[in-house]
Number of protein chains: 2
Amino acid sequence: MAKVPSAAISRLVTYLRILEDLEARGINRTSSEQLAEEAQVTAFQVRKDLSYFGSYGTRGVGYTVQVLRRELRQILGLNRRWGLCIVGMGRLGQAIADYPGFSEIFELRGLFDRDPSKITTTFRGLQVESMDNLPRAIAERRIEFGLLAVPADSAQAVADRLVESGIKGILNFAPAVLEVPKEVAVENVDFLTGLSRLSFFVLNPKWREEMIG
Amino acid sequence: MAKVPSAAISRLVTYLRILEDLEARGINRTSSEQLAEEAQVTAFQVRKDLSYFGSYGTRGVGYTVQVLRRELRQILGLNRRWGLCIVGMGRLGQAIADYPGFSEIFELRGLFDRDPSKITTTFRGLQVESMDNLPRAIAERRIEFGLLAVPADSAQAVADRLVESGIKGILNFAPAVLEVPKEVAVENVDFLTGLSRLSFFVLNPKWREEMIG
DNA sequence: TAGTGTGAATGTTTTCACAGCA
DNA sequence: TGCTGTGAAAACATTCACACTA
């Protein structure tokens, strides 16, 4: 199998979202053309992206929405749910826990906060726990991922504790560059990194024209 | 000036964050080597990224933290604050409004929600307003950007209203692909798009090895 | 015949080696 | 001498044209 451009993976998630929308609308046949239009890329791109993983369509006909949806979920590892804990139950942590679609991908298996006053509270049927419970929870509840929604200055310390407890991956919502062993995957999803994308148009006009045209 | 890879811009934000950290620690000289290590890229990359915009260092010596910091802020358009409104004051909207560092970049000039019961509430000294006020607010308060923290199914409708009112750019936190005229910039910062990056390691093991190795 | 699947061409980004300057 | 700045090479990603097949 050929080397897969990493950008292709991100686009697969967009295609999947579109397919789920089509399915909800009762449409069961689509084409690279239609997917391309919805995803705002070219039809070449759609076909190429899919071809890295296999052939899921019918020549001269197109794709069956349900089939392609199932294949993409399988490719993306979204055909199962993953155990996750959230560390930091401030407003961001709470918002994430309640994000629609969140529970399709993750099963919340622990909520942690260092503030003792939060420990009485409950979200989605889970009581917030002390940080002291973290190592045992990760081991005993099959928690594969940890989501960091703590302030930047405690992010590294919390990441260290997750790593020590054997976490597989970290979703980092804190504006900090984390250092972890290379076998632990870190995804920086944090808001300020998001804002770096904003820079394309906040960018000083002197350079903006070069970039956006 | 040469064509600037868009990924380079995102990295500039990381470099800026590192420089601000160095400055806070009282360090005032650095090198491409040091920046590279902190940003987890190569020193070549750092120098190349900076070279797209100019020469800010001293050969044989390195970079002055304060100088480079100022230049990066200038390049990224972060040497001024931008007017912003948030549409959708659910928990996500609230968390974003309170995000540390947020107010360094944006000045909140309006909060909107369609739910009348929210209109009595106040965040950061601003009262939540009815959607009816949106067009006038954008025109009169120099609101350049709109941040969408609404459910996916109303995202397009809200985006349309922002566009009609003359918004310059939209930060889209809703899991929806927006259609807007090309002169309006859209940044998809939404959580599910963030999760697409997660897919690199949630990815079916069959393909993961090809990608991460 | 209509629309997929893919090798080859084109375009973009990163890496590298070294020229250039304090 | 040491570290920046940059053209050129290598790696990577996208676009395209067309072979293929239901």
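The values are calculated or read from the model by the stated rules, or taken from the named source; none is laboratory data. What you are looking at is a predicted structure, and each value in this text was computed from that prediction instead of being measured. Every residue, glycine among them, receives a Cβ derived from its backbone with ideal geometry; neighbour counts consider all protein chains shown.
Against the conditions (1) over 18 Å from the mean Cα position of the chain (by Cα); (2) within 16 Å of DNA strand C (Cβ to nearest atom), where does residue B:91 fall short? Just the number, please.
Failed condition: (2).
Are any of the residues in segment A:62-70 within 12 Å of chain B (Cβ to nearest Cβ) and either more than 14 Å from the chain's Cα centre (by Cα) or surrounded by fewer than 22 Cβ atoms within 10 Å (Cβ to Cβ) (or both)?
Just the residues of segment A:62-70 that are within 12 Å of chain B (Cβ to nearest Cβ), to begin with: none.
No: segment A:62-70 contains no residue that is within 12 Å of chain B (Cβ to nearest Cβ) and either more than 14 Å from the chain's Cα centre (by Cα) or surrounded by fewer than 22 Cβ atoms within 10 Å (Cβ to Cβ) (or both).
Determine if segment B:38-56 includes at least one residue that is touching a strand residue (DSSP E or B) at 6+ places or on another chain (Cβ under 6 Å) and crowded, with 18+ Cβ neighbours inside 10 Å.
So far as segment B:38-56 goes, no, none of its residues is touching a strand residue (DSSP E or B) at 6+ places or on another chain (Cβ under 6 Å) and crowded, with 18+ Cβ neighbours inside 10 Å.
Right, residue B:128: surrounded by 14 or more Cβ atoms within 10 Å (Cβ to Cβ), assigned to a strand (DSSP E or B) and in contact with a helix residue (DSSP H, G or I) (Cβ under 6 Å, 6 or more places away or on another chain) or not?
The answer is yes for residue B:128.
Could you please find all residues in segment B:56-102 being away from DNA strand D (no atom under 16 Å from the Cβ) and without any contact (Cβ under 8 Å) to a residue 12 or more places away in the chain? Don't jump to the end; show me each part of the working.
Here is the first cut: in segment B:56-102, the residues away from DNA strand D (no atom under 16 Å from the Cβ) are B:73, B:76-102.
Within segment B:56-102, B:77, B:79, B:80, B:91, B:95, B:99, B:100, B:101, B:102 qualify.
Report yes if residue A:136 is free of Cβ contacts under 8 Å to residues at least 60 places away in the same chain, away from DNA strand D (no atom under 16 Å from the Cβ), assigned to a loop (DSSP other than H, G, I, E, B) and of a type outside the set (A, V, I, L, M, F, W, C), otherwise no. First the steps, then the outcome.
Working: free of Cβ contacts under 8 Å to residues at least 60 places away in the same chain: yes; away from DNA strand D (no atom under 16 Å from the Cβ): yes; assigned to a loop (DSSP other than H, G, I, E, B): no; of a type outside the set (A, V, I, L, M, F, W, C): yes.
Here the answer is no, as residue A:136 does not meet what is asked.
Kindly indicate whether residue B:12 is facing chain A (nearest Cβ under 10 Å), within 16 Å of DNA strand C (Cβ to nearest atom) and touching a Leu at 6+ places or on another chain (Cβ under 9 Å). Working first, answer last.
Working: facing chain A (nearest Cβ under 10 Å): yes; within 16 Å of DNA strand C (Cβ to nearest atom): yes; touching a Leu at 6+ places or on another chain (Cβ under 9 Å): yes.
When the stated conditions are applied, residue B:12 passes them.
For segment A:25-35, does any single residue satisfy the condition of being within 13 Å of another protein chain (Cβ to nearest Cβ), within 16 Å of DNA strand D (Cβ to nearest atom) and surrounded by 17 or more Cβ atoms within 10 Å (Cβ to Cβ)?
yes
With respect to the numbered conditions (1) within 13 Å of chain B (Cβ to nearest Cβ); (2) at pLDDT 95 or above, which one is the sole condition not fulfilled by residue A:98?
Among (1) within 13 Å of chain B (Cβ to nearest Cβ); (2) at pLDDT 95 or above, the lone unmet condition for residue A:98 is (2).
Restricting to segment B:3-24, give me the number of residues that are out of contact with any Asp or Glu (no Cβ under 8 Å at 6 or more places or on another chain), within 18 Å of residue B:54 (Cβ to Cβ) and surrounded by fewer than 10 Cβ atoms within 10 Å (Cβ to Cβ).
The total comes to 0.
Going through segment A:38-47 one residue at a time, which ones are within 12 Å of DNA strand C (Cβ to nearest atom) and within 14 Å of chain B (Cβ to nearest Cβ)? I'd like the intermediate steps shown before the answer.
First, the residues of segment A:38-47 that are within 12 Å of DNA strand C (Cβ to nearest atom): A:42-47.
Within segment A:38-47, A:46 is the sole residue that qualifies.
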